[in-house]
Amino acid sequence: MNKKNILVIGAGGVGSAYIRKAMQYPDSFNELHLASRTLAKCEILKKEFPQISIHQVDADDSSQVRDLIEKVKADILVNLA
């Protein structure tokens, strides 16, 4: 199976729940990235799951989102912002 790079946008309640659930199955993806307008929310989850990568992005700015998708080479985008 070709493991995918996943980018999750939104580190609030639903985004946090998604990360926690995904981390129960770490063999099902290659890389897991979390992005939010508020980096502090990402940092909280990074402490719990040091293997995730965190980023700051304004989900309302399509050029920022596009640039981040390209930077992390995301195969799957989950927008929970």
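What follows draws every value from the coordinates through simple rules; no lab data is involved. Here the structure is a predicted model, which is why all the values come from computation and not from measurement. All Cβ positions, glycine included, derive from the backbone under ideal geometry; neighbour counts span all protein chains shown.
Once backbone amide H atoms are built at 1.01 Å from N, V78 has L7, V8, I9 as its partners under 5 Å, excluding neighbours fewer than 5 places away on the same chain. Modelled label positions at A59 and F29, each set 7 Å beyond Cα in the direction of Cβ, lie 1.4 nm from each other.
With the Cα gyration tensor of the chain giving a ≥ b ≥ c as the square roots of its eigenvalues, does the rule (a/c under 1.5 for rounded; else a/b larger than b/c for prolate; else oblate) give rounded, prolate or oblate? It comes out oblate by the Cα gyration axes. Using a simple spin-label model with points 7 Å from Cα along the Cα→Cβ vector, what separation in nm is obtained for K73 and E48? In this crude label model, K73 to E48 measures out at 2.8 nm. Considering only beta bridges that DSSP places wholly inside the chain, some 0 percent are antiparallel.
Taking trypsin sites (Lys or Arg not before Pro) in DSSP loop conformation with at most 12 other Cβ atoms inside 10 Å as exposed sites, the chain has its longest uninterrupted site-free stretch at 4-72.
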